[in-house]
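Take a look at the structure set out below.
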Amino acid sequence: MIEKEKFLSRINLFQSLSEDELAQLEPATPMEVVKKGTMISSPHLEQKRLFLIKAGKVRLYKLSADGKELTIDLLGTGHVFGEVGSFTISSTNMYAEAWEDSLICSIDKGKFEELMLEKPRLALHFIEIVSNRLREVEEMMELMAYGSVRQRLVYLLGRLCEKYGGERQADAPEWIELAVNLTHQELATMMGCIRETVTETLHELTAEGIVKKTGLRKPLWVHRERLREALAPHSFTNVFFTRLDKRK
DNA sequence: GCATTAAGTATAA
DNA sequence: TTATACTTAATGC
């Protein structure tokens, strides 16, 4: 198996494909190195492709009329984004930029549609990915409308744990390390508030023992149980933590 | 060093 | 909560 096939097999979306099928797919998936900060797709670049992240991280965001950015999602290795016909994994008006130096594969819309017709399991998996993204956006939307900044931050931290939760502290496994270095500014663009509010709210959560930092520019640690309690008032809490539990 | 970036604080609206 | 502004600390040339 050549290296790229190995990579394709690690993309969650392609889990249901056999080695042979991956080998067939390989020629249709050009691979590209993109430097941090590079725009991968935007409303102007009409790219009808599905992008697969081999390594690195990609930020999906929207721009408001007055130029403010709203980060919709931060995707890592194994995640997919892009547009495929009437299915869009992202919505319109979405920008995608490399948030770190990344390695990105892409597959043509037509080719992917063919593949979905042949492989129902792949199509189902694709739908699952799309609907999960939808659910996450809906949950955040609910908090944008009716929740406080605090609730949005708590929710966001939970979701980041789910996606980027790394090491557990050896002597205290309820602490999870967030393996992404997000500045307060970056968190703010994911929650729709300003940097200063994130700073303050984070202090509040630190005082309550929900999060902690070992030092400046060090990763953030999140206390699962306390985070769960902080999120408790929400209807989707249980579903959310079931997802978190499944990770380990 | 000096400029830049991230984070902490304070105050008015 | 946000906008604005000022301060401090760390980082990079």
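Under a crude label model (7 Å from the Cα following the beta-carbon direction), how far is A:N93 from A:V130 in nanometres?
Going from the A:N93 label point to the A:V130 one covers 2.0 nm.
Nearest 10 degrees is fine. How inclined is helix A:237-246 to the longest principal axis of chain A, computing both from alpha carbons?
Once rounded, the angle reads 60 degrees.
Run the simple label-point estimate for A:D171 and A:E19 please: 7 Å along Cα→C-beta, distance reported in nm.
Rounded to a tenth, the inter-label distance reads 4.7 nm.
Leaving out ligands and nucleic acids, note down the accessible area per residue over chain A with a 1.4 angstrom probe, in whole Å².
Details: 12800 Å² over 248 residues.
Per residue, chain A has 52 Å² of solvent-accessible surface.
On a straight-distance basis, which aspartates and glutamates could pair with A:K36 in a cross-link, Cα separation under 19 angstrom, same-chain partners fewer than 8 positions away excluded?
Of all the aspartates and glutamates, those that pass the test against A:K36 - Cα under 19 Å, at least 8 places apart if same chain - are A:E69, A:D73, A:E97, A:E100, A:D101, A:E186.
Give a residue-ordered list of calculated ³J(HN,Hα) values for segment A:204-221 (Karplus: 6.51 cos²θ - 1.76 cosθ + 1.60, θ = phi - 60°; whole Hz; x for Gly, Pro).
These are the phi-based 3J(HN,Hα) values: 4, 5, 5, 4, 8, x, 7, 10, 8, 10, 7, x, 4, 6, 9, x, 8, 10 Hz.
If each residue of separation counts as 0.36 nm, what is the full-extension length gain between A:K68 and A:E229 once their alpha-carbon separation is subtracted?
Full extension from A:K68 to A:E229 adds 54.7 nm.
Quick one, what does Rg over Rh come out to for segment A:147-246 if you take C-alpha atoms and the Kirkwood Rh? Don't skip to the answer; put the middle values down first.
On the way: Rg = 12.6 Å, Rh = 13.6 Å.
Rg divided by Rh gives 0.93.
Within segment A:162-230, which GluC sites (Glu not before Pro) sit in a loop by DSSP and count at most 16 neighbouring Cβ atoms inside 10 Å? Don't jump to the answer; show the numbers that get you there.
On the way: sites: A:E162, A:E167, A:E174, A:E177, A:E186, A:E196, A:E200, A:E204, A:E208, A:E225, A:E229; in loops: A:E208.
In loop regions of segment A:162-230 (DSSP not H, G, I, E or B), the sparsely surrounded GluC sites (Glu not before Pro) are A:E208.
Between A:A145 and A:D101, what is the spin-label point distance in nm, taking each point 7 Å from the Cα along the Cα→C-beta axis?
Using points 7 Å along Cα→Cβ, the separation is 4.4 nm.
On a 29 Å Cα-Cα criterion, which of the cross-link pairs A:K48/A:K163; A:K62/A:K119; A:K35/A:K212; A:K54/A:K218; A:K57/A:K213; A:K54/A:K212 come out too long? Mind dumping the intermediate values first?
Working: A:K48/A:K163 26 Å; A:K62/A:K119 33 Å; A:K35/A:K212 31 Å; A:K54/A:K218 25 Å; A:K57/A:K213 23 Å; A:K54/A:K212 31 Å.
Result: A:K62/A:K119; A:K35/A:K212; A:K54/A:K212 exceed 29 Å.
According to the Kirkwood expression over distinct Cα-Cα pairs, how big is the hydrodynamic radius of segment A:3-141, in Å?
Working: mean 1/r = 0.0653 Å⁻¹.
Mean inverse Cα-Cα distance, inverted, gives 15.3 Å.
What is the angle, in °, between the Cα long axis of helix A:120-146 and the longest principal axis of the Cα atoms in chain A? Nearest 10 is fine, range 0 to 90.
That helix lies at roughly 30 degrees to the long axis.
Mind ranking A:I129, A:I107 by accessible surface for me, highest first, 1.4 Å probe?
The residues order as A:I129, A:I107, largest area first.
Could you give each residue of segment A:104-109 its phi-based ³J(HN,Hα) in whole Hz, using Karplus coefficients 6.51, -1.76, 1.60 with θ = phi - 60°, and x for Gly or Pro?
Values, residue by residue: 10, 9, 9, 9, 4, 3 Hz.
Along the Cα-to-Cβ line of A:E46, 7 Å from the Cα, sits a label point; which residues in segment A:25-40 have backbone N less than 20 Å from it?
What the label zone holds, given the 20 Å backbone N cut-off, is A:40.
Residues with amide H under 5 Å of A:I40's amide H, sequence separation 5 or more or different chain, H placed in the peptide plane at 1.01 Å from N; which?
Distant-sequence amide H within range of A:I40: A:A96, A:E97, A:A98.
Per-residue ellipticity at 222 nm for chain A, helices alone: DSSP H runs ≥ 4 residues times -39500 (n - 2.57), over residue total, nearest 500 deg cm²/dmol?
Rounded to the nearest 500, it is -13500 deg cm²/dmol.
The values are calculated or read from the model by the stated rules, or taken from the named source; none is laboratory data. Bear in mind that the values here come from a model prediction, so they are computed numbers and not experimental data. We place every Cβ from the backbone using ideal geometry, glycine too, and count neighbours over all the protein chains shown. Accessible surface is based on the protein model in full, side chains and every heavy atom, while ligands, DNA and RNA are left aside. Shrake-Rupley method; radii C 1.70, N 1.55, O 1.52, S 1.80 Å.
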